[in-house]
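Working notes, beginning with the structure itself.
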Amino acid sequence: MGDVLALVSACCFGTTHFVNGLLARRAHGVTVALYAQLGGTLLSVPVALAAGHGVPGVTSLGWGALSGLGTGVGVAFLYRAVHKGAMSVVVPVTDVTADALPVLVGLTALGERPTPLSLTGVAATLPALWLVSRGPGTGGRPEPGSRGLPAVADALVAGAGFAVQFLAMARIPADAGLWPVVLSRVASVVVVGCLLVRQRAPWTLPPRLTLPAVAAGAVGTVAILLYLYATRQQLMSVATVLTSLYVAIPVLLAVIFLNERTTPRQTTGLLCAGVAIVLIALA
């Protein structure tokens, strides 16, 4: 069941980043991130109330706040990178960084020991993530007029932020309820707001972009909740790898809604991702 939750989480993350990635090409990426996190926060409060539980301990709230710090940095720098660089470069750099760090921590610091079959599946996701993210004709170079190196630097920071998000969220105990998730959402809004002030980005979005950003942020909260429950039924390193397969979702959505065609490399990556999922599920 943990595998299924992680894969559904990946679908939600992929949808969120697809929608907000498109919005970030029409508005400042950090502003898009702010409205997305506000939307996620609005959803998290009634969900936490419905889930019940009392006031969680300080440690649980601390992990939630740390997760929100990672989320805020991750989304702000990801959408800023998408705004000024090629998505085919930004996405794989962000995703592989966010994927690799939690796996390394799980194996070295937390003593997690996936089965050999599961480890093979984890290893298969790395080329899958990279190949799926390769856009037609980019060859790994930025789009004309974009600033490749700064975009890649932002993508690395975003990946580190998402890695912190995954690691901290997985440390929240099952009896803490969902209030740490609410604190995580609030913390992400504060972080993005600070970055918005620092970068002197606009505080408002055009009306036609506001609702999609808020709705996509709410889907992002659903993704976080599913990932949290997945880590309680599966090794954190495996749940993180499966969730990181969200990178395939924007490709599929682009094919369906934007009439884009997949390249042979992307098709190979999707097949590789399918093999990885099967190997991890069998383990």
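Read-outs throughout are calculated quantities, based only on the coordinates presented, and are distinct from any laboratory measurement. Source: prediction; values computed, not measured.
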Item to complete: Tell me which residues come under 5 Å, amide H to amide H, from Leu110 once H is placed; ignore anything under 5 positions away on its chain.
Response: none
Item to complete: For the stretch 217-232, just list the computed ³J(HN,Hα) in residue order, Karplus coefficients 6.51, -1.76 and 1.60, θ = phi - 60°, integers in Hz, with x standing in for Gly and Pro.
Response: x, 5, 5, x, 5, 4, 4, 4, 5, 5, 5, 4, 5, 5, 5, 7
